[in-house]
Structures are given as structure tokens and as C-alpha cells.
1. Can you work out the Karplus-derived ³J(HN,Hα) for every residue in the stretch 27-42? Use 6.51 cos²θ - 1.76 cosθ + 1.60 with θ = phi - 60°, whole Hz, and x for glycine or proline.
2. Just want to confirm a number: the relative contact order over the chain, from Cα pairs under 8 angstrom separated by 6+ residues, in percent.
3. Using the Karplus curve 6.51 cos²θ - 1.76 cosθ + 1.60 with θ = phi - 60°, work out ³J(HN,Hα) for each residue of the stretch 58-70 in order, rounded to whole Hz, and write x for Gly and Pro.
4. Could you name the aspartates and glutamates in cross-link range of residue 8, using Cα to Cα under 20 Å and dropping any fewer than eight places away on the same chain?
5. Fewest Cβ neighbours within 10 Å first, please rank 115, 76 accordingly.
6. Give the order of 100, 19, 113 when sorted by the count of other beta carbons within 10 angstrom, beginning with the fewest.
7. Taking Kirkwood radius over Cα pairs in Å straight from the coordinates, which label in (i) 16.5; (ii) 13.9; (iii) 14.4 is the correct one?
8. Fewest first, what order do 62, 111 take by the number of other Cβ atoms within 10 Å?
Amino acid sequence: MARYSTPKWSATGMAGDSLLSLAYHQKINEHIELALGFDANAREGSKARIGYQLELPDNSAVFRASYDSEWNASAVLEKRINPGSAPYIPPTTLALSGVLNHASKKAAIGVGLNVGG
């Protein structure tokens, strides 16, 4: 495994008997991050993906989205409802997510609530 990083970006690579994995991550600014990845396996084929994260500090929210070479588009919006500043109420986050596969025309959505974490 090899890794090179700076304060703004990092790149990693790993190779094995029948596996190659490459990844790149860059912090564009204090609110936006970008990631790229590629995995190749002699038995299972290869997969590439791109994703980003956008932090919305004024809204106490984070938006993540990604797209891969298997036609999967996914997104998650996490909103901090209570950052834990109110007494007797633990930190709470609401998560809304969705995945759409264009090739199979299948979709899924989800809602989650994380209390105390």
C-alpha cells in the first residue's frame, strides 16, 4: 500500500495478486470535499466512483453524493436538529438518503434519526 498526502489532498494505491485499488481525496475549501476511486479485481471486474461532500454550516447540515460506473447515483442529507447545546437533550441528527440505479431502474429511499451520537 502506498499513500501520499498533503494538508489539502491525499492519494492512495494498493495492489495485490488480482486486485488494484486507487483513491484520491481533495479538500477544495473548508466546506467542499471531492473523492475519486477505482477498484479492479481480476475475478469481479472493475468499478469507478466519484463523490463529493458539501458542508452547510449555517444550516448545520452535510450533503454527500456519489456516482459510480455501475450506474448508481446516491445522496445523503444529514441535518443536525439539536447540536447538543440544550440541557437534557442529546445531540440529534436527521438523515435523508436515496439511491437510484439507472441501468436496472430501481430506487430506494431512507430516513434515519441518530440520537446521542
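1. Karplus-based 3J(HN,Hα) across the stretch 27-42 equals 8, 5, 8, 5, 10, 10, 10, 10, 9, 10, x, 9, 10, 10, 9, 4 Hz.
2. Working: 264 pairs, mean separation 15.2, N = 117.
The normalised contact order for the chain reaches 13 percent.
3. These are the phi-based 3J(HN,Hα) values: 5, 9, 6, 9, 10, 10, 10, 9, 8, 9, 10, 6, 9 Hz.
4. Leaving aside aspartates and glutamates fewer than 8 places away in the same chain, those within reach of residue 8 are 30, 33, 55.
5. Numbers: 115 11, 76 17.
So the ranking, lowest neighbour count to highest, is 115, 76.
6. On the way: 100 16, 19 13, 113 9.
In order of increasing Cβ crowding within 10 Å: 113, 19, 100.
7. Correct label, based on the coordinates given: (i).
8. On the way: 62 18, 111 8.
Result, fewest neighbours first: 111, 62.
Any read-out appearing in this document is the output of simple, stated calculations on the displayed coordinates, not a laboratory observation. Worth saying up front: this structure is predicted, and the values here are computed from it rather than measured. Note that each Cβ is placed from the backbone with ideal geometry, even for glycine, and that neighbours are counted across all protein chains shown.
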